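For reference, the structure discussed in these notes is given below.
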């Protein structure tokens, strides 16, 4: 009646899943070390590092839907901008950080949709 589709566990898929799990562990470890505050640079450095690992891992899994991959890319970009916003810098320097992050996310989105 129902066909069960099996996920093909290629080397890249296994590597992507390991990176994603390592990213989750990094975020959890940051939450254990520092109080959870999204404007605190100590906690957010763990969150950004973990989200980058999760995004790379999800992009390596070939069975993941493109919208799922794009979603993680944009979540990482938004949290990176939030991290820059929390730093004590001049607003122009923050803006100069926002532009390449947004541009890179748009570029990766167009690459994933092709």
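The values are calculated or read from the model by the stated rules, or taken from the named source; none is laboratory data. Remember, it's a predicted structure, so these values are computed and weren't measured experimentally. No Cβ is skipped: glycine too gets one built from the backbone with ideal geometry, and neighbour counts run over all protein chains shown.
Worth pointing out:
- Which numbered condition residue 100 misses (of (1) modelled with pLDDT of 95 or more; (2) closer than 23 Å to residue 15 by Cβ; (3) loosely packed, with under 14 Cβ neighbours inside 10 Å): (2)
- Count - residues of segment 41-78 that are farther than 30 Å from residue 6 by Cβ, in contact with a helix residue (DSSP H, G or I) (Cβ under 7 Å, 6 or more places away or on another chain), modelled with pLDDT under 95 and surrounded by fewer than 18 Cβ atoms within 10 Å (Cβ to Cβ): 1
- Counted residues, segment 32-46 - those being more than 14 Å from residue 77 (Cα to Cα) and assigned to a helix (DSSP H, G or I): 6
- Residues located in segment 63-96, provided they are more than 17 Å from the chain's Cα centre (by Cα) and not in a loop (DSSP other than H, G, I, E, B): 85, 86, 91, 92, 93, 94, 95, 96
- Which listed residue, of 49, 16, is assigned to a helix (DSSP H, G or I) and within 20 Å of residue 78 (Cβ to Cβ): 49
- Condition broken by residue 84, with the remaining ones in (1) farther than 26 Å from residue 9 by Cα; (2) surrounded by 16 or more Cβ atoms within 10 Å (Cβ to Cβ); (3) touching a residue at least 40 places away in the same chain (Cβ under 8 Å) satisfied: (3)
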